[in-house]
Amino acid sequence: MPLGKIGTARHLLGIHCGEDTIMSAKVITPLDPDIAEMERRWHESGIPGFYVGRNGPISRERARNIRALLYPKPKLPTGKLDRFTILGPNGPITVESVQPVEGPPIGTLVYYHGGGYVIGDIDSHQAHAIRFANGSRVVVLNVDYRLAPEHPFPQGVNDAIAAAQWASENRDKLGGADKPLALGGDSAGANFAAVTAIRSRDAGIKVAAQVLLYGALGAGCEGNAYIDYMYFGPHLGATAKSTIEASPILADLKGVAPAIIGVGAHDFLYQDSAAYAAKLREAGVSLIYREYPNLNHGFFSFTAISAACAAASDQLCDDLRSLLS
């Protein structure tokens with residue numbers, strides 16, 4: 001299956017109640033038919049998975065082609081876009097600020113795209129940022145962090161931490177100097193958001209929320225050997241994975257920002273979200289946990305072809321808006 005193994009972990013439905021979640025009994029629901037059809041078309045095309053071959057440029061070109069063929073960007077009303085560079089520990093970092101279409105912003109969201117630390121960029125996830133800007137009514141700072149294998153661990157996550165620090169110090173140029181700061185990301189980007197929330201707590205940077213969409217959070221689930229090789233290199237993997245910068249679940253989570261987690265029950269990284277949610281609860285962190293029994297990994301990218309994905313994505317944007325309000 002090109003999108004990765006369908007998750008065999010628990011199928012639990014999260015029912016939001018107040019600031020936390022009541023976990024229901026197991027619920028098994030077939031994969032959303034629009035997503036199943038997309039996966040069928042991908043399988044029949046014969047195009048390999050994104051990371052096969054362990055070649056960064058080829059993986060990125062393959063990803064662009066697959067997105068154009070199978071799940072193009074949704075057409076969304078768009079506020080002002082401004083692309084510029086900020087200074088990072090490894091040199092300049094390209095970022096793009098995205099203004100909401102309506103109303104004054106209620107805060108700033110620093111967003112990190114997904115893509116296995118190897119693919120993705122501001123353009124591939126621009127619609128993610130626009131959806132959050134409009135749905136959560138925030139200014140989004142979309143971060144084009146360095147990608148592996150050209151820039152292996154920990155360069156990407158160091159860019160992520162630097163971007164959050166810059167945003168904290170420059171909120172007057174984003175969602176407002178007196179407005180809250182949030183962090184968010186999907187998949188590998190959720191890993192960066194979780195790590196950055198931990199390091200922000202350690203540095204005394206106030207973060208009002210962290211949005212973790214189907215994140216790679218280090219719960220010990222089966223990884224992707226191609227990604228591991230490109231991100232960590234042929235020798236660093238085991239050592240790197242024992243660090244918080246690679247596996248945020250290893251950290252003491254007391255005092256980190258309130259969290260919103262969204263994951264599909266068919267996600268091959270499902271267990272990462274479930275385990276991280278449990279550890280956040282144990283640490284006394286306020287949590288909104290959303291589990292979608294008919295969705296899989298990457299659903300925030302599939303909103304143009306799946307009404308179920310669009311509804312889930314909009315719900316998570318509403319959650320952030322409520323939390324920041």
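The values are calculated or read from the model by the stated rules, or taken from the named source; none is laboratory data. Everything numeric in this text was worked out from a predicted model, so none of it was measured. Here the Cβ positions follow ideal geometry from the backbone for every residue, glycine too, while neighbour counts run over all protein chains shown. These area figures cover heavy atoms from the full protein model, side chains too; ligands, DNA and RNA do not enter into them. Shrake-Rupley method; radii C 1.70, N 1.55, O 1.52, S 1.80 Å.
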Checklist entry - Would it be correct to say that Gly115 is in contact (Cβ under 8 Å) with a residue 60 or more places away in the chain and either of a type in the set (Val, Ile, Thr) or out of contact with any strand residue (DSSP E or B) (no Cβ under 6 Å at 6 or more places or on another chain) (or both)? => result yes
Item to check | Given (1) modelled with pLDDT of 95 or more; (2) surrounded by fewer than 24 Cβ atoms within 10 Å (Cβ to Cβ); (3) touching a helix residue (DSSP H, G or I) at 6+ places or on another chain (Cβ under 6 Å); (4) outside any helix (DSSP H, G or I), number of the condition Cys221 does not satisfy | outcome: (1)
Item to check | Meets criteria (touching a helix residue (DSSP H, G or I) at 6+ places or on another chain (Cβ under 9 Å), β-branched (Val, Ile, Thr) and open to solvent by less than 30 Å² (accessible area, probe 1.4 Å)) for Ile161 | outcome: no
Next on the checklist: Just to be sure I understand, how many residues within region 70-83 are more than 23 Å from Ser136 (Cα to Cα) and more than 21 Å from the chain's Cα centre (by Cα)?
Outcome noted: 0
Next on the checklist: Could you check region 298-325 and list, in sequence order, the residues that are open to solvent by 20 Å² or more (accessible area, probe 1.4 Å), touching an Asp or Glu at 6+ places or on another chain (Cβ under 7 Å) and of a type outside the set (Gly, Ala, Ser)?
Outcome noted: Ile305
Next on the checklist: When you check Glu39 against the structure, is it surrounded by fewer than 15 Cβ atoms within 10 Å (Cβ to Cβ) and charged (D, E, K, R), yes or no?
Outcome noted: no
Checklist entry - Which is under 24 Å from Ala274 (Cβ atoms) and either touching a helix residue (DSSP H, G or I) at 6+ places or on another chain (Cβ under 7 Å) or surrounded by fewer than 19 Cβ atoms within 10 Å (Cβ to Cβ) (or both), of Phe132, Phe153? => result Phe132
Next on the checklist: Against the condition among the β-branched types (Val, Ile, Thr), within 24 Å of Val138 (Cα to Cα) and assigned to a loop (DSSP other than H, G, I, E, B), how does Val263 come out, does it pass?
Outcome noted: no
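Mind listing just one residue for me: the one in region 277-297 that is assigned to a helix (DSSP H, G or I) and in contact (Cβ under 8 Å) with a residue 60 or more places away in the chain and, of those, surrounded by the most Cβ atoms within 10 Å (Cβ to Cβ)? Give the derivation first.
Within region 277-297, the subset assigned to a helix (DSSP H, G or I) is 277-282.
So of that shortlist, the ones also in contact (Cβ under 8 Å) with a residue 60 or more places away in the chain come out as 277, 281.
On the way: Ala277: 24, Arg281: 16.
Applying the filter and picking the extreme gives Ala277.
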Checklist entry - Could you list, in sequence order, the residues of region 266-276 that are aromatic (Phe, Trp, Tyr) and either open to solvent by 10 Å² or more (accessible area, probe 1.4 Å) or in a loop (DSSP other than H, G, I, E, B) (or both)? => result Phe268
Checklist entry - free of Cβ contacts under 8 Å to residues at least 12 places away in the same chain and more than 16 Å from the chain's Cα centre (by Cα), is that true of Ala311? => result yes
Checklist entry - Can you tell me how many residues in region 66-91 are within 14 Å of Ala133 (Cβ to Cβ) and open to solvent by 60 Å² or more (accessible area, probe 1.4 Å)? => result 5
